[in-house]
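Okay, so here's the structure we're looking at.
The values are calculated or read from the model by the stated rules, or taken from the named source; none is laboratory data. From a predicted model like this one, the values you see are computed outputs, not experimental measurements. Neighbour counts are summed over all protein chains in view; Cβ atoms, including those assigned to glycine, are modelled from backbone coordinates with ideal geometry. Note: areas computed on protein heavy atoms with side chains; ligands, DNA, RNA excluded. Shrake-Rupley method; radii C 1.70, N 1.55, O 1.52, S 1.80 Å.
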Amino acid sequence: MTVSLQDLAGKSLICADGVLGTVAEVLVDPVSGRPTHLVWREPVILYQEISIPIAYVEQVDGEGIRLRVRREDIERLPRFVWR
C-alpha cells in the first residue's frame, strides 16, 4: 500500500502503549521528496513540537500511524524548532 504525504498529516499517532496524538506536519527530504519525520505538536500551555523519525513507523492503517516505540521514547526526543 502506498501512502501519500497528504494521507499522513492529521492521522493519529499510536505508540506501542497507546495513542500519542495526531501528526501536525510532515517533514520531507528536498532531494528525494520522501518523508523524513512526522511532527507531533504536544498540547501544553505553549505548543511543543517533537519530530519523530520516519524509521519509528511500523505501519500505517485505517486507525492511524503505528509507531514501534513507546510514548516515553517519543518524549525523550529533542523538541522541534521551526526556522
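Data overview
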{"item": "Within the stretch 10-33, tally of residues that are of a type outside the set (A, V, I, L, M), out of contact with any strand residue (DSSP E or B) (no Cβ under 7 Å at 6 or more places or on another chain) and not in a strand (DSSP E or B)", "result": "4"}
{"item": "Condition met for residue 78 (open to solvent by 90 Å² or more (accessible area, probe 1.4 Å) and modelled with pLDDT under 90)", "result": "yes"}
{"item": "Hits in the stretch 51-71 - residues which are touching an Asp or Glu at 6+ places or on another chain (Cβ under 8 Å) and either at pLDDT below 90 or open to solvent by 90 Å² or more (accessible area, probe 1.4 Å) (or both)", "result": "68, 70"}
